[in-house]
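Here's the structure, in structure tokens; my notes come after.
Values quoted throughout were computed directly from the atomic coordinates according to the rules given, and no laboratory measurement underlies them. Remember, predicted model here, so these are calculated numbers, not experimental data. For neighbour counting, all protein chains shown are included, and Cβ atoms are generated from backbone atoms with ideal geometry for every residue, glycine included.
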Number of protein chains: 4
Amino acid sequence: MTEPQGGADPSVFTTEAVRDGEDWLITGEKWFGSNARYAAFFIVMAVTDKSVSVHKGTTMFIVPANAPGVNIVRNVGIADDPEATHAYLRFDKVRVSSSDLLGEPGEAFVVAQVRLGGGRVHHAMRVIGQAQRALDALCERALSRTTQGGLLAEKQMVQEKIADSWIELEQFRLLVMRTAWRIDKYQDYLRVRKDIAAVKAAMPKVLHDIAARALHVHGSIGVSEEMPFAGYILRSFQMGLADGPTEVHKVTVAKQLLRDYQPSDSLFPGYHRPTAAALAREKYADALATVEQSGEQR
Amino acid sequence: MTEPQGGADPSVFTTEAVRDGEDWLITGEKWFGSNARYAAFFIVMAVTDKSVSVHKGTTMFIVPANAPGVNIVRNVGIADDPEATHAYLRFDKVRVSSSDLLGEPGEAFVVAQVRLGGGRVHHAMRVIGQAQRALDALCERALSRTTQGGLLAEKQMVQEKIADSWIELEQFRLLVMRTAWRIDKYQDYLRVRKDIAAVKAAMPKVLHDIAARALHVHGSIGVSEEMPFAGYILRSFQMGLADGPTEVHKVTVAKQLLRDYQPSDSLFPGYHRPTAAALAREKYADALATVEQSGEQR
Amino acid sequence: MTEPQGGADPSVFTTEAVRDGEDWLITGEKWFGSNARYAAFFIVMAVTDKSVSVHKGTTMFIVPANAPGVNIVRNVGIADDPEATHAYLRFDKVRVSSSDLLGEPGEAFVVAQVRLGGGRVHHAMRVIGQAQRALDALCERALSRTTQGGLLAEKQMVQEKIADSWIELEQFRLLVMRTAWRIDKYQDYLRVRKDIAAVKAAMPKVLHDIAARALHVHGSIGVSEEMPFAGYILRSFQMGLADGPTEVHKVTVAKQLLRDYQPSDSLFPGYHRPTAAALAREKYADALATVEQSGEQR
Amino acid sequence: MTEPQGGADPSVFTTEAVRDGEDWLITGEKWFGSNARYAAFFIVMAVTDKSVSVHKGTTMFIVPANAPGVNIVRNVGIADDPEATHAYLRFDKVRVSSSDLLGEPGEAFVVAQVRLGGGRVHHAMRVIGQAQRALDALCERALSRTTQGGLLAEKQMVQEKIADSWIELEQFRLLVMRTAWRIDKYQDYLRVRKDIAAVKAAMPKVLHDIAARALHVHGSIGVSEEMPFAGYILRSFQMGLADGPTEVHKVTVAKQLLRDYQPSDSLFPGYHRPTAAALAREKYADALATVEQSGEQR
């Protein structure tokens, strides 16, 4: 889906598919095709109608990995995960049959959104698993190592790391579970858009911070390839980018939430204390008059 | 309960009650008696047996506010909440009848813990309410004000404040609800000690950060007495101190969690990748041998 | 300068001064006039020419506090600082003589900027003083109080608060000093705009965080009116709003810094490792050829 | 210096050197010997006198890498830096001549401290360089990429990342420069211990946060091996561990700073407002009496 010149905003995509008889010819570049070198086929989003918005004018194609014109420019690795390369791909007039579409022409976004909604929650589930393993390692380490005459587990600075990690992980776990429950309940991704965006925006920090604490408490071996923590940390950054950067999802949360509110049309809103007090005095004017009268009589 | 020289650690308390015939005589100072000046009676924790630990040697007394020897040294106010004063109290041989005990002699801690467990969750509930109101105000304000040619609600820096606030509040809300559900389910505060301590440790930051964002987005009026935000912020600091400072509760979370873990007795733990790989090779030695053999034969 | 409907963006100001013979008549509302109730005169920014931008069409007037038509709608207090009220003012055709201008007509912004540049650094100096006093109190308290069998100064969580506070304060102090030195050296506020904006953006957090730690380590008295910490914290929020909100100053820092950079016109920039390696191989092609040749000969 | 069972606390070191005629025999394990596989010799700290504290009873030996009994158990890599392996070493009765000591017997700590004081500042200088390069890349990227109809440089969330990075880097740069200036001026590491510890404690976060922002704004390529950011981030964690973990240095800052303060011996300290007011009234009793008298006369 993504291209070298942009990923989060589909309107910058330029890979194009044009009709050639019954077939399509795809030309353009694609970026970060995960595990591309092991793949038998690629799913490629290409512009098929420039006269409409990208949300209506792109189509999903199934392209055999060995089709003429498909080239891997290079395999892009990620530190700590060199095997799972992400390919920089070039498509040069790659011929695809009309029958090899995923969905209908112009429907690439519909197809993508189906995967993305659930996909973001799946990312969150994996994040919970990785963060839990990091926390497990942090706790075991704290009980196994001594320094300055005591167990790491007895040092306040380590205790704080453990406590913060558990508190953050449990809160995130509950948010993910509620979101999954709402997905099951409503069967409507649009209705849980705010929840999914919140999960997506929150997940990188949860994994990052817990993994960073576990790494640190392990000392030098923690930063080495012999431990999984550096990998978790880099994956936390991936989690802030894959399926849309955190910024996009925070904007979504804000916009969705703001739908539930109305602007105030007066200079001072209802929760402004002098305004609230004046409103209350007006509302209870009769009662207040009675109280004052009885006070005067007394 | 607390005294001017210390609050979080009961072993520094010095207010003492000594037997005088059928009665007790209480002498000492108490600190931060909330709303003391409106009270008809005080509940006073006093040392009644110095020969045992403070957890066994203190007793709860019910003391009429107008008993001879009870003095309010001064009323200590909190900014933005000047009415709800917290009294600095002095008890000078205040006579209390044996019938005016809350619980039995030596049982002050049992009595206190019953209130504290639930009390901490009640604090959390109020925190949720205040944080929700701050978030409501933040959203209404963002929709009501324009700057630099657009609504505040359209500025990314404001959108981030709204999104972060909702994400933090929802996660905290779920943690509090799960904790309350566990309290109801187990009917045993000891069993949910980690949960309650986590709620107590998390709450100041949730309220503080959301209220701080709401204050800021309201501009100068936000910091004034005409809005509730400064009050929420100061209350967030109180929430980090009342019923034990955050440090104590984080240590509790860590200690409770560490009960579920065992130290590793080898230099490299099981999640150490080379160690895990060696264990796996050992475990699947037969299978690996078969694979290698068939590889050689091919 | 500011008005109830906006403060950070002068283009929303509506208070207007119109010619009436030799005089001007000012009409409109002003907000948060600090210490207005003690003032002999006000300095009022008013729109005098709507046909040009607000930066050219506003004028500064000196208005006697007792001039007919000047009214204080109400005095707006700030928690912990009830005396220093900030007035909500109304001007109803207030007559001002042509001689009572600060600067020339249309020059209000020139006048304001002279004060604002220096004013922001003065805020920073006061912030350093307040943060230093908070840190002093934090240290004295840590050495004076015992809990759980030891001085607060011996607890890691307190030590971290002290260390973080000193590190943050010293870094900020140096930034302010370099900025002041550059102001003296260049005698040109435009040239140090990035520095001043950086100081202004950094100051609220420095004061807030150090004061918050000092408050917390003092326990319940820390949050009370008997200690200065709540006041410091509220002032830290004011520091994030007065003379422009933090957002505005962060945007200024970014924009000023970006002037020193050029966009890359290729898909992969020069610091992209494969690109940098290719460039290096090209640059040192001759040397590499020699090396390879000698390698083959060996 | 470090050993597999501990690094920050030298009292847990067990590698031992015993006399054998004119020579020494070294036995034990060492951990994380940087670039060991390229080294011609190792500098090994070994216990030579168990009867005194580790600060008096350890000695530095120069050991040829190919001496009999020296073994590299395995080379431990760091993600993104696989070449610069850190060796896990075993010494089995390695014979070292008496002439191959660095310093005198028992002086290992003197030798180590000479390097560590300056070494920590050198780390800081490299951190500044890496953070500056990350910030440069962040700025160039922000000017080179468009999304949602505008340059990244025009988005507030990106502007905030740029501004925060510059503010943090400049403050840290000034702290390092002042520390280096004090080292040159005093020629006494003990006198600048607090400054060096502060630099050491602050550096991981500065590098981490700036590199993390640069990585993120680069999108998927940012997390890949084609960009230097993942490497900077992992190095930031190393900077929090090498030459002592951050915790140790924060404790040092706090302890050094607390030397400048005295405990208060009264229940309420001098900065307590009621106490300060009472002291002021006492000090100026005569002046106040005169004022009151003149007030009565008026």
To the nearest 10 degrees, the tilt of helix B:229-239 (Cα long axis) against the first principal axis of the alpha carbons of chain B is 90
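Sorting check: for C:127-137, B:19-29, which peptide has the highest mean count of neighbouring beta carbons within 10 Å, and how do the rest follow? Each step should come with its number before you reach the end.
Working: C:127-137: 20.5, B:19-29: 16.0.
Ranked from most to least packed, the peptides come out as C:127-137, B:19-29.
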With the dipole of chain A defined by +1 on each Lys or Arg Cβ and -1 on each Asp or Glu Cβ, the option from A:GLN293, A:VAL206, A:GLY231 whose Cα lies farthest towards the positive pole is A:GLN293
Expressed in angstrom, Rg and Dmax over the Cα atoms of chain A are 27.4, 101
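Taking 25 Å as R0, compute the FRET efficiency from the Cβ-Cβ separation of D:ARG193 and D:GLU104 and round it to 0.05.
Details: r = 24 Å, r/R0 = 0.95.
After rounding to 0.05, the efficiency reads 0.55.
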Per the charge dipole of segment B:26-133 (beta-carbon charges, Lys/Arg positive, Asp/Glu negative, Cα centre), the residue among B:SER34, B:PRO105, B:MET60 reaching farthest to the positive end is B:SER34
Across the alpha-carbon set of segment C:200-271, Rg over Rh with Rh taken as the Kirkwood radius works out to 1.30
What one gets for segment B:1-154 as the Kirkwood radius, inverse of mean 1/r over different Cα pairs in Å, is 18.0
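Taking segment D:1-84, how much of its Cα-Cα pair set, in percent, is spaced more than 17 angstrom apart? Walk me through the intermediate numbers first.
Working: 1765 of 3486 pairs.
The share of Cα pairs beyond 17 Å in segment D:1-84 comes to 51 percent.
Going by how many other Cβ atoms sit within 10 Å of their own, how do A:TYR88, A:TYR271, C:TYR189 line up, fewest first? Could the numbers behind the result be given before it?
Numbers: A:TYR88 24, A:TYR271 20, C:TYR189 17.
Arranged by neighbour count, lowest to highest, A:TYR88, A:TYR271, C:TYR189 become C:TYR189, A:TYR271, A:TYR88.
Largest first and in whole Å, give the semi-axes of the protein assembly as shown's equivalent ellipsoid, each being the square root of 5 times a Cα gyration tensor eigenvalue.
53, 44, 33
Looking at this model, which pairs from A:LYS205/B:LYS155; B:LYS161/D:LYS155; A:LYS250/C:LYS200 are more than 20 angstrom apart at the alpha-carbon? Spell out each step's value before the answer.
Details: A:LYS205/B:LYS155 23 Å; B:LYS161/D:LYS155 15 Å; A:LYS250/C:LYS200 26 Å.
Table pairs above 20 Å Cα-Cα are A:LYS205/B:LYS155; A:LYS250/C:LYS200.
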Between D:SER51 and B:GLU292, the two model label points (7 Å from Cα along the beta-carbon direction) sit apart by a distance in nm of 5.2
Here, A:GLN148 and D:THR14, labelled 7 Å along Cα→Cβ, have an inter-label distance in nm of 2.3
Scattering profile of segment D:41-104 from the Debye formula, Cα beads only, expressed as log10 I(q)/I(0) at q = 0.29 Å⁻¹, is -1.20
tail above 17 Å in the computed P(r) of segment D:72-139, as % of all Cα-Cα pairs, reads 72
Residue-ordered couplings for segment C:63-71, obtained by feeding phi - 60° into the Karplus form 6.51 cos²θ - 1.76 cosθ + 1.60 and rounding to whole Hz (Gly and Pro as x), are 10, x, 4, 9, 5, x, x, 8, 10
Ordered by fewest other Cβ atoms within 10 Å, a rough proxy for footprinting exposure, A:SER51, D:SER165 read A:SER51, D:SER165
Amide H contacts under 5 Å for C:ARG95, restricted to residues at least 5 apart in sequence or on another chain and with H modeled in the peptide plane, are C:ILE26
The answer for B:HIS272, listing residues at least 5 apart or on another chain whose modeled amide H is closer than 5 Å to its amide H, is none
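Taking each pair of distinct Cα atoms in segment D:157-298 once, what is the resulting Kirkwood hydrodynamic radius in Å?
Working: mean 1/r = 0.0507 Å⁻¹.
Kirkwood hydrodynamic radius for segment D:157-298: 19.7 Å.
Roughly how crowded by other chains is peptide A:145-158, in terms of the mean Cβ count from those chains within 10 Å of each of its Cβ atoms? Display every interim value, and only then the final one.
Numbers: counts 6, 5, 9, 8, 3, 0, 2, 1, 5, 4, 4, 11, 11, 3.
What the average comes to for A:145-158 is 5.
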CD proxy, 222 nm, chain D: helix-only mean residue ellipticity via -39,500 (n - 2.57) per DSSP H run with n ≥ 4, per residue, nearest 500, stands at -16500 deg cm²/dmol
Per its Cα gyration tensor (rounded if a/c is under 1.5, else prolate when a/b beats b/c, else oblate), segment C:102-228 is best filed as prolate
Residues whose modelled amide H sits under 5 Å from the amide H of C:ALA65, counting only those 5 or more places away in sequence or on another chain, are C:PHE41, C:PHE42
Residue-ordered couplings for segment D:130-135, obtained by feeding phi - 60° into the Karplus form 6.51 cos²θ - 1.76 cosθ + 1.60 and rounding to whole Hz (Gly and Pro as x), are 5, 5, 5, 5, 5, 5
Under the 7 Å Cα-to-Cβ spin-label approximation, B:VAL73 and C:GLN5 lie apart by a distance in nanometres of 5.4
